[in-house]
Amino acid sequence: MATIIVGIDGKKLSAGYQKAQIQKLSQVKAARDLKPLNGPTMTFGPNDMHPLQTPYNDALVIQLKVANAMVRRILMETGSSVDIITLECLNKLQYSEKDLEAPEALVVGLPVWVGNKDNSRTIETNFLVLDIPVTYNVILGRPTLNAIKAAVAPYLLLVKFELDNRKAGKLYVHQKMARECYYVSLKSLGRKKEPPSGEASRPPKNCKKSATEAMVVLSALAEEHRRARLEPTYEVFGGIGV
C-alpha cells in the first residue's frame, strides 16, 4: 500500500499555502522565539524491556477500542498524514456510508481510546474511509500520533503517549499480530499467475505496460490480497458484540 502523503483538508494544499509553509520552515529562528512544547516527560530504559521474539523488524501493530468495540490489527504509521479506516471495519462497527461527514469527503469521526481502561487517552479521530483490500483494519497516522504526543521506540516495540490525566502512558506492540499481518501481506504479493501453455519461455517484447495492462495487474493483485486477508476480528466491549 502506498504511503498516504496528503491531508484531509484540501484547501490547505493550494500552491500558495504550500509555498508559505516552506518559507516559514526556511526561516531561522532563535530559541527564544519558538513556542515551547508541553507534555509529560517520556524516557526509555531497561524497565521498558519486555519479552520479544528475536530477531525482529515488526511494524507497530496494536489493538484499541474504536467507537463501540475493540479492534485488532491497527497500524501506527508515522509516514501517513491521515488516519484511515476500511469501509469493512466501519460496517462491522455498525456504521455505514450515511455516517460520513460528507459523501464527497469520505470522512467519519469516531472516538478512540488509546491505552487500557484505567490509563487511557480518549480522542475524537477523523478517519478517511477507504474501500480497498488492506491487511490492517485501521491506520493511525500523524494527526492522532501528534494529538496524543506519541513517542515511538521501534527497538522496544513500544509507544509512550500522554494520558487524559497528562501523565505518560505506555502501549506495547502486539508482536504476534504484527507478524501475522506481515506474512499475509507477503503471501498476497508473492503470488504469481501461471503463464498460458507455450508462453512460459517466450521473452517479453516490451517491458513497458500500457495503462490498461497496468490496471489489470493492479486489479489482480488487489483481488489476490482480498482473498488472502485475515478476517477482521472484533471483541465484545461493554456488552456490545460486533
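The values are calculated or read from the model by the stated rules, or taken from the named source; none is laboratory data. Quick caveat: nothing in here was measured; it's all calculated off a predicted structure. Methodologically, a virtual Cβ is constructed for each residue, glycine included, from the backbone with ideal geometry; neighbour enumeration extends over all protein chains shown.
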Notebook entry, point to check: In the list A168, A147, which residue meets the criterion of being in contact with a Phe, Trp or Tyr (Cβ under 8 Å, 6 or more places away or on another chain) and either more than 11 Å from G39 (Cβ to Cβ) or among the hydrophobic types (A, V, I, L, M, F, W, C) (or both)?
Noted result: A168
Checklist line | Top-ranked residue of segment 4-34 - restricted to ones that are of a type in the set (S, T, Y) and surrounded by 10 or more Cβ atoms within 10 Å (Cβ to Cβ), ranked as modelled with the highest pLDDT | finding: Y17
Note to self: If the requirement is being of a type in the set (D, E) and touching a Leu at 6+ places or on another chain (Cβ under 8 Å), which of these qualifies: E77, E101?
What the structure shows: E77
Notebook entry, point to check: Being closer than 17 Å to A69 by Cα and either modelled with pLDDT under 95 or out of contact with any Pro (no Cβ under 8 Å at 6 or more places or on another chain) (or both), is that true of even one residue in segment 128-138?
Noted result: yes
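A quick yes/no check of all residues on (1) among the charged types (D, E, K, R); (2) closer than 23 Å to E101 by Cα:
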site: P133; (1), (2): no, yes
site: L140; (1), (2): no, yes
site: P143; (1), (2): no, yes
site: K149; (1), (2): yes, no
site: V159; (1), (2): no, no
site: G169; (1), (2): no, no
site: Q175; (1), (2): no, no
Next item on the list: Could you list, in sequence order, all residues of segment 54-75 that are hydroxyl-bearing (S, T, Y) and in contact with a helix residue (DSSP H, G or I) (Cβ under 8 Å, 6 or more places away or on another chain)?
Entry: Y56
Notebook entry, point to check: Restricting the search to segment 85-139, which residues are part of a strand (DSSP E or B) and over 17 Å from Q63 (Cβ atoms)?
Noted result: V107, V108, G109, E124, N126, L128, V129, L130
Notebook entry, point to check: Scanning for something in a loop (DSSP other than H, G, I, E, B), basic (K, R), in contact with a strand residue (DSSP E or B) (Cβ under 7 Å, 6 or more places away or on another chain) and in contact (Cβ under 8 Å) with a residue 24 or more places away in the chain, does segment 147-167 turn up at least one residue?
Noted result: yes
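Rundown of residues vs (1) in contact with a Gly (Cβ under 7 Å, 6 or more places away or on another chain); (2) within 23 Å of Y182 (Cα to Cα); (3) surrounded by 19 or more Cβ atoms within 10 Å (Cβ to Cβ); (4) modelled with pLDDT of 90 or more, yes/no style:
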| position | (1), (2), (3), (4) |
| --- | --- |
| N57 | no, yes, no, yes |
| L100 | no, no, no, no |
| L106 | no, no, no, no |
| N116 | no, no, no, no |
| T122 | no, no, no, yes |
Next item on the list: Taking T135 as the residue in question, decide whether it is under 18 Å from H174 (Cβ atoms) and without any contact (Cβ under 8 Å) to a residue 12 or more places away in the chain.
Entry: no
Next item on the list: Filter segment 127-155 for residues that are crowded, with 17+ Cβ neighbours inside 10 Å and polar (S, T, N, Q) and give the result.
Entry: T135, N137, T144
Margin query: Name the single residue that is surrounded by the most Cβ atoms within 10 Å (Cβ to Cβ) among those in segment 35-48 being hydrophobic (A, V, I, L, M, F, W, C) and out of contact with any Leu (no Cβ under 7 Å at 6 or more places or on another chain).
Written below: M42
